[in-house]
Amino acid sequence: MLKNPATKYRPFPPIDLPNRQWPSRVRTHAPIWCSVDLRDGNQALAVPMNVSQKLELFQTLVKCGFKEIEVGFPSASNTEFTFNRRLIEENRAPDDVWLQVLVQAREDLIERTFESLVGAKRAIIHMYNSTSPAQRRVVFGKSKDEIKDVAVQGAKMIKDRLSRLKGTEVMLQYSPESFSATEVEFAKEISEAVMEVWQPTPERKMILNLPDTVEVAMPNIYADQIEWICRNIKNRDSLIISLHTHNDRGTGTAATELGLLAGADRVEGTLFGNGERTGNLDIVQVAMNHYMHGIDPKLDFADMNSLIDVYERCTGMTVPARQPYAGELVFTAFSGSHQDAIKKGLAEWQKGAQQHWDVPYLTIDPADINREYREVIRVNSQSGKGGVAYLLESEFGIELPKEMQREFGPIANELVDRLGREVSGAELKEMFEKEYTKRESPWSFTGFDHRKDGPETTCNARIAHDKNPPAPFVGKGNGPLSAFVHALRQHPNAPHFEVADYREHALGAGVNAQAIAYVQIKINGKTRWGAGMDTNIDLACVRAVLSALNRA
Ligand code: KIV
Ligand code: ZN
C-alpha cells in the first residue's frame, strides 16, 4: 500500500445541500421493494441459474411478498428470454406482481425485450445508460449531450412500441447507471430529458432509479444526492424515486436506509446481498431493520431457514454465518456474560413483564423467523455457568440449583476446553451424568424402602461400600432423606457428613416421568453436590446423596 494514498486517490466531493432534512427524519413505513435476484444477482453468479432454478427462486420471491421482480435481461440470452416467456405463458406471476425487465437504450435490444413481454399482465420496462464522467470518457467516449441523446433515443424507442403491449399494464423505469459517481446536475438533466419523452404524471408515475452502481462515497453523500434530486427534479410527484445500492465500501444497507430518509420511495436489492463484486444491497437486512423498529416491512421472512435453503440451492452461494438476521450464528452467544444476560432477558420476556422486545444481545425474537431459542446458546470453553445451565434446562428440563451451577459450570468448561470445540446439548448432558448421576462407587445401594410412623420415617436400606457386599441398615428420620442418611451413618466406613441443601423436581409429565433430586453435603469442611434420577422421587434422592458422597 502507498505511504501517501493521496498521490493516487482523492476524496469524494461533498454535495452542496444546505439545510439537509434527512438526518432528522424517522422511518415510519416500508418502501416499495423490488427484487433484482434474477437479473443483477444472477448475472454475478459463476454459473448463472438455469430456467428451472430461476423459476424456483421466482416462486420463492413471490411467497416472500415481492410485488416487483426484475426477472432478467431478456434480450441478453436465450435463457433469459425463455424464462420470461415461461413466466408469462405458464401464468406463473400473480396478477399483482410486476415483471421487470432490463434493457439498454439500443433498438435491437428494445425490440427483443418487447417480444419477451407480449401477454404479460403487468410489466416494468427498465432502461438504463451509464452517466458518470469515467463511463462517458472511458467506455463511450461521448460528451454529456451525446450520452443524454442515447437516453432520449432509447426512451423514444420504448414509447413508440408501447402500443404493442395491448392488455399489459406497463410502468417505465429509467436508471442513470453509475448515478452516485455522476454530477447531480447532469443526473437531473438526463433524467428530466427522459421524463420529457415518457411524460409521467402523478396518476401514471415512472420509476427513476438512482443506482449506487459502485459505492464511491460514504452513505451520507448518497443520501445528500438523493435528497438533492428529490428537491430539485421537476415534477417530483410524477416519480417513484428508487434506490439501487451495491456494497463496495460495505455500506450498502446504510446508504439505502439514509437514501430512504432522504426521500426515496422504492428499494431494489437481492436476498442476502448476492450481486456483482461485494454484492447488491441485502434486501432482507433493510426489511428486517424496519421490522425490528416495529414497522411492518411488507415482506415475510418468517421461514428464514427454508428461504436460505432455496437461495443456496438455486444460486450456489452460501449465506455467511454472521450475515445479519440470517446467518447461522447470529442468534448464538458464545460468551458467558452474554449468555447470562440473554437467559435473564428471555425469562423476563416470557413472564410478559415488558411490552416491547428488549432482550440483551438479541435484536429480534429469533422465533419470529422460525429460529429456536435453543439455538441462542451453545457451549464452548468461553461459556459461563449461565450458558451451561441454560442448555441443560432448555433441552432436558434439568434445573440446576444456582449453587450447583457454580460447581458444575467450571467442571463443564474444563471438559469442553480439553475437547477444544463447541459441544452439543446431548454432550453436555453426558458430562453432567458422568459427573453426577452415574457416579456409583465407592458407595451404592441395592434396596431402599421406608414407612411412616406418625411424624417419624423408618427406612431399610441395603448399602454397599467399595467391593464389600451390600449390607442391611435401618435408619430413622423426619422423612426418607434423613432416614437414609441416618441408615448410612450406621455403616462402619461412613464418613461424617451433613446434608446442607436439597431440591427435587419432575423431568417431564406422566406416571412414568423421571424425577431428579439434587443434594448438597458438607464433608471435611467442603461442600459437594450430588444428583440422582429415578422414576421414584425417594430413590432419586437416595441416589443424589450417594452421588455427592462418591464425589467427595
Ligand atoms: O448497479 C446498477 O447500476 C445496475 C443498473 C442496471 C440499475 O444494476
Ligand atoms: Zn446493480
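Observations on the structure shown:
Yes/no per residue for (1) at negative phi; (2) within 16 Å of ligand 2 (Cβ to nearest atom):
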{"residue": "Leu162", "(1), (2)": "yes, no"}
{"residue": "Lys166", "(1), (2)": "yes, no"}
{"residue": "Glu169", "(1), (2)": "yes, no"}
{"residue": "Ser180", "(1), (2)": "yes, yes"}
{"residue": "Glu185", "(1), (2)": "yes, no"}
{"residue": "Lys188", "(1), (2)": "yes, no"}
{"residue": "Gln199", "(1), (2)": "no, no"}
{"residue": "Lys205", "(1), (2)": "yes, no"}
{"residue": "Pro211", "(1), (2)": "yes, yes"}
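- Residue match in segment 43-65 (condition: closer than 30 Å to Glu185 by Cβ and either open to solvent by 30 Å² or more (accessible area, probe 1.4 Å) or out of contact with any Ser or Thr (no Cβ under 6 Å at 6 or more places or on another chain) (or both)): no
- Screening the candidates Asp296, Asp282, Asp309 for the property of being within 16 Å of ligand 1 (Cβ to nearest atom) and either farther than 30 Å from Met195 by Cβ or open to solvent by less than 10 Å² (accessible area, probe 1.4 Å) (or both) yields one hit, Asp282.
- Some residue of segment 513-532 being open to solvent by 40 Å² or more (accessible area, probe 1.4 Å) and under 23 Å from Gly454 (Cα atoms): no
- Flag if Lys148 is surrounded by 17 or more Cβ atoms within 10 Å (Cβ to Cβ), over 35 Å from the mean Cα position of the chain (by Cα), of a type outside the set (A, V, I, L, M, F, W, C) and more than 24 Å from Thr253 (Cα to Cα): yes
- Residue match in segment 238-248 (condition: in a helix (DSSP H, G or I), at pLDDT 95 or above and within 14 Å of ligand 2 (Cβ to nearest atom)): no
- Scope segment 195-214; condition away from ligand 1 (no atom under 14 Å from the Cβ), out of contact with any Leu (no Cβ under 8 Å at 6 or more places or on another chain) and either outside the structural domain of Glu276 (by TED's automatic domain parsing) or aliphatic (A, V, I, L, M) (or both); matching residues: Val197
- All positions within segment 269-292 that are away from ligand 2 (no atom under 13 Å from the Cβ) and either on the phi > 0 side of the Ramachandran plot or not assigned by TED's automatic domain parsing to the domain that holds Met49 (or both): Phe272
- Of all the listed residues (Asn413, Asn460), the sole one being modelled with pLDDT of 95 or more and at negative phi is Asn460.
- Selection from segment 220-250 of residues that are within 16 Å of ligand 1 (Cβ to nearest atom) and among the acidic types (Asp, Glu): Asp248
- Count of residues meeting criterion [under 31 Å from the mean Cα position of the chain (by Cα) and open to solvent by 20 Å² or more (accessible area, probe 1.4 Å)] in segment 170-188: 1
The values are calculated or read from the model by the stated rules, or taken from the named source; none is laboratory data. This one's a predicted model, so the numbers in the text were calculated from it and none came from an experiment. All Cβ positions, even for glycine, are placed from backbone atoms using ideal geometry, and neighbour counts span all protein chains on display. Accessible surface areas use protein heavy atoms only, side chains included; no ligands, DNA or RNA. Shrake-Rupley method; radii C 1.70, N 1.55, O 1.52, S 1.80 Å.
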